[in-house]
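Please read the structure below before turning to the comments.
The values are calculated or read from the model by the stated rules, or taken from the named source; none is laboratory data. The model shown is predicted, which means the values in this text are computed figures rather than measured ones. Cβ sites come from the backbone with ideal geometry, for glycine too, and all protein chains shown count toward neighbours.
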Amino acid sequence: MFFLLFAGFYAKAQHLPDNICHVNNGKLVFTINLNWTDEQIHELSQTYELDSTVISSTFKELPSFTVNGIVWTTKIIKNNIIELSKELSPPFPPSVPANQIMKFDIPVLDENWIKKVASTTTDNTVYGINNLTNAKYFSYINDTATFFLYGYTYAREMFISGSFNNWSTRQSAMALTDSGWRISLTMKPGKYAYKFIADGNWLRDPNNKLKENDTYGGNNSIVFCYNYTFRLKGYTQAGKVILTGSFNNWNTKELKMQRNAEGWELPIFLKEGTHAYKFIVDKEWITDPDNKIIHSDGKGNVNSFIGIGDTLVFRLQGYQNALRVALTGSFNGWNPNELFMEKINNEWVLPYVMAAGNHEYKFCVDGKWITDPDNPVTIGKGDMMNSVIAFKPNYTFKLNHYADAREVIVTGSFNGWRTDGYRMKFINGIWEIPVFLAPGKYIYKFIVDGKWITDPDNQYWEGNEYNTGNSVLWIEP
Amino acid sequence: MKKYIYALIITCLIIFFSSFSRTVTIDESLPLIASFVKSPAQLHFNTISYDPSPSGNFLTLTIPMKHAGRLLLIEANIDGQTGNLVFDTGATDLVLNKTYFRDYMAISNENAGGITGAAGEVNRTIVGKVQISDLFYENVNASIANLAHIENRKGIKILGLLGLNMIKKFEMLIDLQKGKLRLTRLDKKGNSMVENQALHFDLVHKIKETNNIMLINANVSGKTLNFCLDTGAESNVLNSYAPKKVFNSVSIIRRSNLSGAGSQNSEVLLGVMKDFSIGNKKISGMQTIITNLSALSDVYGIQIDGMLGYDFFEKGVFCINLAKKEMGICFSKEKEAE
């Protein structure tokens, strides 16, 4: 109920001396030096949420003053040292019965204030190469990852727990072989953290040198499921070949390619998107001879380019007299001068490599911005209305029984509870909209002709602050 | 036959509950949070030793725990639903998240004498089977409460809270650093059935269980205080009504005004206990929230001066035997490299 108020706190005090605030006889007491610098006074105000009136009245040495109904008193202790105090307030507003104070909300203060651990929620890993002591301990072929743990055959049971199974400790049991434990799991390309669990005890993969701090005093093992192999044919006489590119900031030493029968190769995980690269053959920089896509960087260098991910073909029918049609959207910063479409037969066409997600877009036809006439899914109103496409959607919201409705919108935590979209499509008697949702919890509602309803076909819902409910949806990794 | 026995048990419970619900007064403002839940009904149950009976073919069982921030999670399967329970010794019993067990409420309200508060509802129900690793329970009494705020804050699915009465019959070894809870069976005399050869406790301290919460004495500024030992508390909490002397060694490092619900006169304080000791062991730099806990004391039915939570448990390995009323502690040295 209250925890939202605590967002955005500052880090711990930096400039103030210790022991400036304590509790004494039911009072909150500050010991303040009137010679403090502006910086220190600012920190005092931030750390203890004292507003400017309290601060200025204190420094004017007013013996007593009232701010927002709170009575403050000051007392001069000695030269330039002043004691500011007030009665301790009840911890929560009187309108809330004290026994409803939520234990689980109080510590939010703690988390924001102390910030002991770094956030691991955003992982911007662009590329990755595995580092196992032997290739037999991990393989990734045809979407199947196989983990092998040597030894520990005395264990009664062994599980693998990681970001691929939502860190479930019971879902993925490994099978005992004559020399260790093995499991094969269907996984998408990407970066994954994991540990083994031997009879209830967490165990980092002893044969994997790649690890990351788990923020709780230990380490997780890290593995990459590859999605691309760089290949360079020939150059068999070369001493070494290095792969370098925009993904690793053109590092000239890091990614050594491996010899094979025909030349050189390097399997790798690369994040979806477009990457520039070159090979360095014994210090000589060359583009990829088997890749026709090369572009100049405008500084006299020519690089090879590769797009990772799937291609979506944008199409706009008609507009045969238009001179120039551009695709513009959230994926290119709404730049109307970059992604020009090509006129093929009766339509304008542009294939574009995109990451999975919900993307907003428009066409720019000779300077005039239009939504996609063939896509009924939109967000926003009037000039601010954009077309929305879910590329590689993983979930479809569906609403039955409202065949007579004029407009149905789904809104929720996934789009900041916007009331102007996403508009659903009416197909075969059902309102629906496919979307891409990253793993996690979502709460949502439908707005049927302006009326908010929970999902009648979803048994899971939770109460909200309006004393109604929100439907609850979990997307598993 | 099994069905029949089940029905019989339920009927007995219904009769018991319904007869009981006429004799208790129901607090209109029952707490939202189960850790604070201590309905009179539960108190009564404890006096007749109505606690869940753990089953499972083991003498000792290690259960992996996961961290979600400063919460500890244990994977469980409850009547077929798999998910995480918060390991919360500040909760008295099993508490289920209303979102996923809403259907159970109808049963509890009709049959088991559910208790409905004005703002926060806490319902009583019975679940068929709870399975945690190789440990399982059948026909478990549980509360149902709205835990959506924990889920939304942590972004993790929370099926419920694993409260103290579920595991108090075992010796509990709590090791945050290794992320494990080890449960060991006790013999009739309360002795652990597996020797703790490897553990050398730095301190063996008295602990007692009252009304399904654990209480220990610890000293702040030389004053002996009564602390509730609460693995579900993400932070220590010190009662602002604790004896005045206590605050001599507590320095306030943060203050926040709470401006919710039309009041400008409320605040929460974060402090550091500079003189905290348990037994003869001083623990420095223990951070704590300072707030009024008198309502909580009312709910628990015991005067408590504070709660020791995550900050405390991360100081070492704790081995609790409530039958022997003992808690052994191995304090961690410097954090060892893996």
*Is one or more of the residues making up region A:425-433 at pLDDT 90 or above and within 30 Å of A:Ala322 (Cα to Cα)?*
yes
*Hey, could you check region B:270-308 for residues that are free of Cβ contacts under 8 Å to residues at least 40 places away in the same chain and charged (D, E, K, R) and say which is farthest from the other protein chains (Cβ to nearest Cβ)?*
B:Lys282
_Can you tell me which residue is farthest from the other protein chains (Cβ to nearest Cβ) among those in region B:217-247 that are in a loop (DSSP other than H, G, I, E, B) and among the small types (Gly, Ala, Ser)?_
B:Gly222
_Just to be sure before I move on: is A:Trp72 outside any helix (DSSP H, G or I), within 14 Å of chain B (Cβ to nearest Cβ), modelled with pLDDT of 90 or more and more than 21 Å from B:Ser249 (Cβ to Cβ) in the structure I sent?_
yes
_If a residue must be hydroxyl-bearing (Ser, Thr, Tyr), away from chain B (no Cβ under 13 Å) and crowded, with 18+ Cβ neighbours inside 10 Å, how many such residues does region A:160-193 contain?_
1
*Kindly indicate which of B:Arg185, B:Arg124 is more than 12 Å from every other protein chain (Cβ to nearest Cβ), surrounded by fewer than 18 Cβ atoms within 10 Å (Cβ to Cβ) and either farther than 22 Å from B:Val317 by Cα or more than 18 Å from the chain's Cα centre (by Cα) (or both).*
B:Arg185
*In region A:265-343, which strands (runs of 3 or more DSSP E) lie fully inside it and hold 3 or more residues that are closer than 28 Å to A:Gly190 by Cβ?*
A:273-281, A:302-308, A:310-317
*Looking at A:Ile141, A:Ile81, A:Ile106, which is the one that is at pLDDT 90 or above, out of contact with any Lys or Arg (no Cβ under 8 Å at 6 or more places or on another chain) and more than 30 Å from A:Ile183 (Cα to Cα)?*
A:Ile81
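Results for (1) among the charged types (D, E, K, R); (2) in contact with an Asp or Glu (Cβ under 6 Å, 6 or more places away or on another chain); (3) not in a loop (DSSP other than H, G, I, E, B), shown as yes or no for each residue.
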position: A:Pro393; (1), (2), (3): no, no, no
position: A:Thr396; (1), (2), (3): no, yes, yes
position: A:Phe414; (1), (2), (3): no, no, yes
position: A:Leu437; (1), (2), (3): no, no, no
position: A:Ile443; (1), (2), (3): no, no, yes
position: A:Phe446; (1), (2), (3): no, no, yes
position: A:Trp452; (1), (2), (3): no, no, yes
position: A:Val472; (1), (2), (3): no, yes, yes
position: A:Pro477; (1), (2), (3): no, no, no
*With A:Gly218, A:Gly234 as the choices, which residue is within 14 Å of chain B (Cβ to nearest Cβ) and at pLDDT below 95?*
A:Gly218
*From the list A:Glu432, A:Glu360, pick out the single residue that is assigned to a strand (DSSP E or B) and touching a helix residue (DSSP H, G or I) at 6+ places or on another chain (Cβ under 8 Å).*
A:Glu360
*Taking region B:163-179 only, how many residues are within 14 Å of the chain's Cα centre (by Cα) and either of a type in the set (A, V, I, L, M) or assigned to a strand (DSSP E or B) (or both)?*
5
_If I filter region B:314-329 for residues that are surrounded by fewer than 17 Cβ atoms within 10 Å (Cβ to Cβ) and either modelled with pLDDT under 85 or of a type in the set (Gly, Ala, Ser) (or both), do I get at least one hit?_
no
*Can you pull out the residues in region B:67-80 that are at pLDDT below 95, assigned to a strand (DSSP E or B) and more than 15 Å from the chain's Cα centre (by Cα)?*
B:His67, B:Ala68
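Matching residues to (1) closer than 27 Å to B:Leu94 by Cα; (2) at pLDDT below 90:
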{"site": "B:Gln177", "(1), (2)": "yes, no"}
{"site": "B:Asp187", "(1), (2)": "yes, no"}
{"site": "B:Asn196", "(1), (2)": "no, yes"}
{"site": "B:Asp202", "(1), (2)": "no, no"}
{"site": "B:Lys206", "(1), (2)": "yes, no"}
{"site": "B:Asp230", "(1), (2)": "yes, no"}
{"site": "B:Asn239", "(1), (2)": "yes, yes"}
{"site": "B:Leu258", "(1), (2)": "no, yes"}
{"site": "B:Asp275", "(1), (2)": "no, no"}
*asked:* Give me the strands (runs of 3 or more DSSP E) completely within region A:127-237, filtered to those with at least 1 residues that are over 30 Å from the mean Cα position of the chain (by Cα) and of a type in the set (D, E, K, R), ordered by residue number.
replied: A:180-186, A:228-233
*If A:Val302 satisfies every condition in (1) touching a His at 6+ places or on another chain (Cβ under 8 Å); (2) closer than 30 Å to A:Arg406 by Cβ but one, which is the exception?*
(2)
*Which residues, counting only those in region B:166-175, are under 17 Å from B:Thr92 (Cβ atoms) and buried (at least 24 other Cβ atoms within 10 Å of the Cβ)?*
B:Met166
